[in-house]
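Here the structure is laid out as structure tokens; the discussion comes afterwards.
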Amino acid sequence: MSEFVTGTTFGGAIWTPSYVSNINQRNCIGCGRCFKVCPRDVFDLVEKDEVLSAEDFGDDYGDFEDDDDNSMVMSIKNGADCIGCEACSKVCPKDCFTHQHKAAA
């Protein structure tokens, strides 16, 4: 018996889903690729200043809030709907995603 939730592919191979647990919003460029590829409506683009502020970055990033070219970042809207396919990580150009396996019940 597996210690993690597992599934079976069409070909019969055992597969262990890895569910999104975090997005590094400091690295996120708000490109929306993960949003477009997600089959379950897990993500949402939000205003950068809703989740981040210049204080989060210290003096080196004092102009962070003035960056009009990148005013949106991705957030997890419905994490419980994630099916663990990791498609979001595969399309992310900035490697922003952290995933984890779910313990079997």
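Laboratory data are not the source of any read-out in this text; all were calculated from the coordinates shown. Computed from a prediction, not measured in an experiment: that's the story for all the values here.
Listing for the model above:
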| item | result |
| --- | --- |
| Residue match in the stretch 33-43 (condition: closer than 9 Å to Met74 by Cα and part of a loop (DSSP other than H, G, I, E, B)) | no |
| Count - residues of the stretch 2-35 that are small (Gly, Ala, Ser) and within 27 Å of Pro93 (Cα to Cα) | 4 |
| Residue, farthest from Ala104 (Cα to Cα), within the stretch 32-42, restricted to residues that are of a type outside the set (Lys, Arg) and within 12 Å of the chain's Cα centre (by Cα) | Gly32 |
